[in-house]
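S.K.: Below you will find the structure I want to go over with you.
The values are calculated or read from the model by the stated rules, or taken from the named source; none is laboratory data. This is a predicted model, so every value here is computed, not measured. FYI the Cβ positions are ideal-geometry reconstructions off the backbone, even for glycines, and counts take in every protein chain you see. Heavy atoms of the whole protein, side chains included, go into the accessibility calculation; ligands, DNA and RNA do not. Shrake-Rupley method; radii C 1.70, N 1.55, O 1.52, S 1.80 Å.
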Amino acid sequence: MKKILSLKTKFVVISTILTASMIIILVIFTISVYLNGITSLEIETVEINIDRGKSAYSYLVESYSRKLNDWAEWDDTYQFMDDLNKAYVKSNLNDSTLKNLNADEMLFFDTNFELIYSTATDRIFEIEEDFPEDVSDFLLENKEIAEVLKSDGKISGIIKTEDGDLLYGAQRIVKSDGSGDPKGYLMFGRYLGD
């Protein structure tokens with residue numbers, strides 16, 4: 001014999017099924033919105049951090065470029081490329097100068113990118129076994145850097161070396177007023193992460 005459910009019982013069963021379905025749909029919707037919100041927040045945080053990194057890099061490169069410009073467009077540096085005078089070396093190319101410039105190394109190249117003079121902080125000789133030959137070789141091997149220097153007069157960027165990432169800036173050496181045939185190129189280098 002078949003048992004017929006009463007109308008009241010049918011209503012309770014259907015209401016329970018509908019309520020449970022609505023709760024399941026609401027939970028799925030809430031989880032979906034919550035996860036999308038978290039994902040959006042994570043993406044926004046990553047974008048903010050990337051922008052901060054870009055700003056910090058830009059500031060560092062700009063600051064480095066200003067310091068490099070002061071040295072590369074200086075009559076004393078221009079004269080140094082002619083005579084390699086010891087007074088210039090003694091008063092300007094020492095550890096304290098490099099520390100004040102926030103540079104690990106300074107390299108002077110002639111117009112053919114042959115290394116004329118180099119100096120570095122003491123810790124560079126601990127980091128780099130082949131200083132300054134490795135940086136000099138890098139410039140000679142990467143003709144695009146030389147071409148940019150010859151055409152634009154300056155370049156900056158990051159070189160990946162065996163010793164770490166090296167922030168560098170290079171600029172042609174001219175007189176303080178920007179005149180005169182270039183005597184060569186001055187390069188500053190700083191290892192990042194130290």
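S.K.: When the range 115-135 is examined, which residues are found to be open to solvent by 20 Å² or more (accessible area, probe 1.4 Å), at pLDDT 80 or above and of a type in the set (A, V, I, L, M, F, W, C)?
M.R.: Selection gives Leu115, Ile116.
S.K.: Further question on the same structure: Going through the range 136-175 one residue at a time, which ones are open to solvent by less than 20 Å² (accessible area, probe 1.4 Å) and either at pLDDT 85 or above or within 18 Å of the chain's Cα centre (by Cα) (or both)?
M.R.: Within the range 136-175, Ile145, Gly153, Gly157, Ile159, Leu166, Leu167, Tyr168, Gly169, Ala170, Gln171, Ile173, Val174 qualify.
S.K.: Are any of the residues in the range 66-80 aromatic (Phe, Trp, Tyr), open to solvent by 60 Å² or more (accessible area, probe 1.4 Å), closer than 30 Å to Asp177 by Cα and at pLDDT 90 or above?
M.R.: For the range 66-80, residues aromatic (Phe, Trp, Tyr), open to solvent by 60 Å² or more (accessible area, probe 1.4 Å), closer than 30 Å to Asp177 by Cα and at pLDDT 90 or above: present.
S.K.: Find all pairs meeting these conditions: Cβ atoms under 9 angstrom apart; at least six residues apart or on different chains; first residue within the range 15-43 and in contact (Cβ under 8 Å) with a residue 12 or more places away in the chain and of a type in the set (Lys, Arg); second residue surrounded by 10 or more Cβ atoms within 10 Å (Cβ to Cβ) and in a helix (DSSP H, G or I).
M.R.: Close Cβ pairs (under 9 Å, with a partner that is surrounded by 10 or more Cβ atoms within 10 Å (Cβ to Cβ) and in a helix (DSSP H, G or I)) do not exist here.
S.K.: Restricting to the range 81-94, name every residue that is in a helix (DSSP H, G or I) and open to solvent by 50 Å² or more (accessible area, probe 1.4 Å).
M.R.: Within the range 81-94, Asp82, Asp83, Lys86, Ala87, Lys90, Ser91 meet the criteria.
S.K.: Within the range 39-59, is there a residue that is assigned to a helix (DSSP H, G or I) and surrounded by 15 or more Cβ atoms within 10 Å (Cβ to Cβ)?
M.R.: No.
S.K.: If I filter the range 176-189 down to residues being open to solvent by 50 Å² or more (accessible area, probe 1.4 Å) and touching an Asp or Glu at 6+ places or on another chain (Cβ under 9 Å), which single residue comes out as farthest from Met106 (Cα to Cα)?
M.R.: Of everything passing the filter in the range 176-189, Asp177 is farthest from Met106 (Cα to Cα).
S.K.: Assuming Asn112 fulfils every condition listed in (1) loosely packed, with under 10 Cβ neighbours inside 10 Å; (2) assigned to a helix (DSSP H, G or I) apart from one, which condition is it?
M.R.: (2)
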